[in-house]
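Read-outs throughout are calculated quantities, based only on the coordinates presented, and are distinct from any laboratory measurement. Note that this is a predicted model, so its numbers are computed, not measured. Positions of Cβ are backbone-derived with ideal geometry, glycine not excepted, and every protein chain shown enters the neighbour counts.
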Amino acid sequence: MLPTKGYAAMTAKAALQPFSFIRRDVGPHDVLLAITHCGICHSDIHQARDEWGGSIFPMVPGHEIIGRVTQVGSLVTRFHVGETAGVGCFVDSCRTCPACREGQEQYCEAGMLLTYSGRDKDGQPTQGGYSTQIVVDEQYVLRIPSALSSAGAAPLLCAGVTTYSPLRHWGVGKFHKLAVVGLGGLGHLAVKIGKALGAQVTVLSTSERKRKDAARLGASDFALTSQPETFTKLQRHFDFILDTVSAPHNYNDYLSLLKTDGTMILVGVPDKPTLLEPFPLILHRRRIAGSVIGGIRETQELLDFCATHQIESDVEVIPVQQVNEAYERVLRGDVRFRFVIDLSSLA
Ligand code: NAP
Ligand code: ZN
Ligand code: ZN
């Protein structure tokens, strides 16, 4: 029984507040991390406000977790006390279904065990990284390359792998024109990763003030989605569109920007559905697809890729006491480009 301090939403409508709870003891296969940093993902906000349904309260959000290993179980082989390690969006899965065996635990047939707002084998709700420490089976813990800073690496564990996984799955690379819709936490990493994979990246944004950032991040082009001429000028221009937008918007407008056989990949999860029109799809044999985070092996691959390509998240580091203000600023699109909580503020 490990007494732990955190910040929690007690109900869907409540601001986050200090919250004490118990983590399980370190089992033979477990690693205990003293959390140093945790990113704020827009999914934390969706779930803390129960916008997708099924949220479990009280909820300590946070699934972009970096910490120092302070204890390991007797059978742990991959981690040592003192190392920096990471935990992403899930902390367990069935380990036996075809998806788990292929290292695609995010598509586990029994459902992955979410890092927070999930229910562990003992029936206890899982709690996330806006907290002082976490106990996780070593199979679900990531190695953090020493070339990466802790704050800059934290968002790679969700935002990073969520964009890397579909870009790799669909083979996005040299000679491809890629549009990234929405320049937020996911979007800015999609630009960096897409560029590193060799694609020519265009940012499609609602925010004129992000034009310069897009170029600095590696985009070769920028267009405003509020301007109708964007949709005429860029007709049939892209091989791939990666849509990271968190709010409802019209997918049909974007489909017309794809070439014949182009693919639009949804990773953003608006809380309301969009009506899909058949014509933009059938006339040019276009596809619309979706993707959720990435498996453990792929997340490790992404972390190593980022170390090689010197990719980190652009972060604004805050104390946990500012988390509610940070949520409001994320909702206003006022962050460059990820808030990361410094958990020393909870000590
Ligand atoms: P974020 O930092 O808030 O970025 C979202 C971006 O969407 C904003 O920066 C903004 O970019 C754009 N946007 C916001 N409202 C818009 C509107 N009404 N119309 C058009 N564009 C709008 O959020 P995030 O953390 O990157 O997450 C983005 C979405 O991905 C969320 O829904 C999140 O839950 C989801 N997500 C999915 C996965 C997955 O596995 N599939 C993983 C993590 C997160 P501009 O200012 O450039 O327009
Ligand atoms: Zn996330
Ligand atoms: Zn499974």
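Which of the listed residues, P125, Q200, C108, is farthest toward the dipole's positive end in region 77-207, when Lys, Arg count +1 and Asp, Glu count -1 at the beta-carbon? Positive-most Cα among the choices belongs to Q200. The lysines within cross-link reach of K121, meaning a Cα-to-Cα straight distance under 30 Å and a gap of 8 or more places when in the same chain, are K5, K13. Which of the lysines could a cross-linker span from K177 if the Cα-Cα distance has to be under 26 Å and same-chain partners fewer than 8 positions apart are dropped? Filter leaves K192, K195, K210, K212, K233, K259. Compactness of region 160-290 is given as radius of gyration and Dmax, 13.2, 37 Å, from Cα positions. Ordering E109, E301 from the fewest to the most neighbouring beta carbons within 10 Å gives E109, E301. Sequence-ordered 3J(HN,Hα) estimates for region 175-186 from the Karplus curve with 6.51, -1.76 and 1.60 and θ = phi - 60° stand at 6, 9, 9, 10, 9, 10, 9, x, 9, x, x, 5 Hz, glycine and proline given as x. For region 292-334, the calculated P(r), taken from all Cα-Cα distances in 5 Å bins from zero up to the bin holding the longest distance, is 6, 17, 16, 15, 13, 22, 11 percent.
Under the convention that each Lys and Arg Cβ holds +1 and each Asp and Glu Cβ holds -1, the size of the dipole of region 160-290 around its Cα centre is about 420 debye. For the chain, a crude dipole built from +1 on the beta carbon of Lys and Arg and -1 on the beta carbon of Asp and Glu, taken about the Cα centre, is about 720 debye to the nearest 20. Phi-derived couplings, Karplus 6.51 cos²θ - 1.76 cosθ + 1.60 at θ = phi - 60°, listed residue by residue for region 270-285: x, 7, 10, x, 10, 6, 9, 8, x, 4, x, 7, 6, 5, 10, 6 Hz, with x used for Gly and Pro.
Exposure proxy shown here: for M1, M112, M59, the number of other Cβ atoms within 10 Å sets the order, fewest to most, as M1, M112, M59. Two decimals is fine: what's Rg over Rh for the chain, C-alpha atoms, Kirkwood radius as Rh? Here Rg/Rh amounts to 0.97.
With neighbours defined as other Cβ atoms within 10 Å of a residue's Cβ, the residues T260, T225, T202 order from fewest to most as T260, T225, T202. Backbone geometry of region 206-223 corresponds, through the Karplus equation with coefficients 6.51, -1.76 and 1.60 at θ = phi - 60°, to 3J(HN,Hα) couplings of 9, 10, 4, 5, 9, 4, 5, 4, 4, 5, 4, 6, x, 6, 8, 8, 8, 9 Hz, x marking Gly and Pro.
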